[in-house]
1. Pop a pseudo-label 7 angstrom from the Cα along the beta-carbon direction at both A98 and K155 and give the gap in nm to one decimal.
2. What is the P(r) of the stretch 98-165, as percent of Cα-Cα pairs per 5 Å bin from 0?
3. Under 12 Å from the Cβ of Q6, count the other residues' Cβ atoms, weight Lys and Arg +1, Asp and Glu -1, and hand me the total.
4. Most mobile of A168, A182, A131 per a Gaussian network model of the chain (Cα springs, under 10 Å)?
5. Counting Lys and Arg as +1 and Asp and Glu as -1, what is the net charge of the other residues whose Cβ lies under 13 Å from the Cβ of L192?
6. Please identify the DSSP H helices in the chain that span no less than 15 Å along the helix axis (Cα) and have a mean Kyte-Doolittle hydropathy of -1.0 or more.
7. Report D for the stretch 139-182 in µm² per second (integer): Stokes-Einstein, Kirkwood Rh on Cα pairs, 4 °C, 1.567 mPa s.
8. Go ahead and estimate [θ] at 222 nm for the chain from helices alone: -39,500 (n - 2.57) per DSSP H run with n ≥ 4, summed, over the residue count, rounded to 500.
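The numbers here are math on the coordinates, done by the rules we state, and not lab data. All figures in this text were calculated on a predicted structure; none of them were measured in a lab. Backbone-built Cβ (ideal geometry, glycine too); neighbour counts: all protein chains shown.
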Amino acid sequence: MSQYPQACFIKSANAPQQFVPDEGAEVAFAGRSNAGKSSAINVIVNRRQFARTSKTPGRTRLVNFFSLREGSRLVDLPGYGFAKVASSLRNHWADLMADYFESRKSLTGMFLIVDIRRQLTEFDRQMLAFADSVGLPVHVLLTKADKLKRGQAAKALLEVRRDLGAIATVQQFSALNRQGEAEARAKLEEFLKLVPGQ
């Protein structure tokens, strides 16, 4: 059973004026288009197809707002860095995300979804720098941990943790075998309890 029985989709936004009212607390999920962001969201919320998954990377092209319960939201941001789209659309995404991060007072944390086999990309580093510039706490999910042997996964976790330093917390995660599910959900709840803007 889902820990969020009231969870539901609210709306998609293609422009800042379409964002939901800036109140309560919300946590954003960002990541490279093929890193498994939608699958991670579905496991953490424990609802199948809550965020739509696709075999074609880059399908999340809008800012998608979901209610977890009254006053608490999850926001699925457009994937970046992989989808084969026109540069004009890619620039629109970048502007939309910049507007989102700079304007949302209710934003209390961000999950950065990273494929454990690829580790941090330049796009991920840009997102981390951006979050740091607005004082936003970040938790990195190293997804697809089931694709590596235990020793390789442990080594990758250590390398990313060393790379990040105090910038963000990090954990292994697998949507396939639900590794790290409880830890990720606890971090989501921790972010949602933070006072926005502090």
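1. Going from the A98 label point to the K155 one covers 4.0 nm.
2. Going out from 0 Å in 5 Å bins, the stretch 98-165 shows 3, 15, 27, 21, 14, 10, 6, 3, 0 percent.
3. +2
4. Greatest mean-square fluctuation among the candidates belongs to A182.
5. Details: positive: R69, R73, R185, K187, K193; negative: E26, E70, E189, E190.
Cβ neighbours under 13 Å give a net charge of +1.
6. Numbers: long enough: 87-103 (24 Å, -0.61); 122-133 (16 Å, -0.37); 150-164 (21 Å, -0.49); 181-192 (17 Å, -0.55).
For the chain, where a helix must reach 15 Å along its axis and average at least -1.0, the hits are 87-103, 122-133, 150-164, 181-192.
7. 123 µm²/s
8. Roughly -10500 deg cm²/dmol at 222 nm, from the helical runs in the chain.
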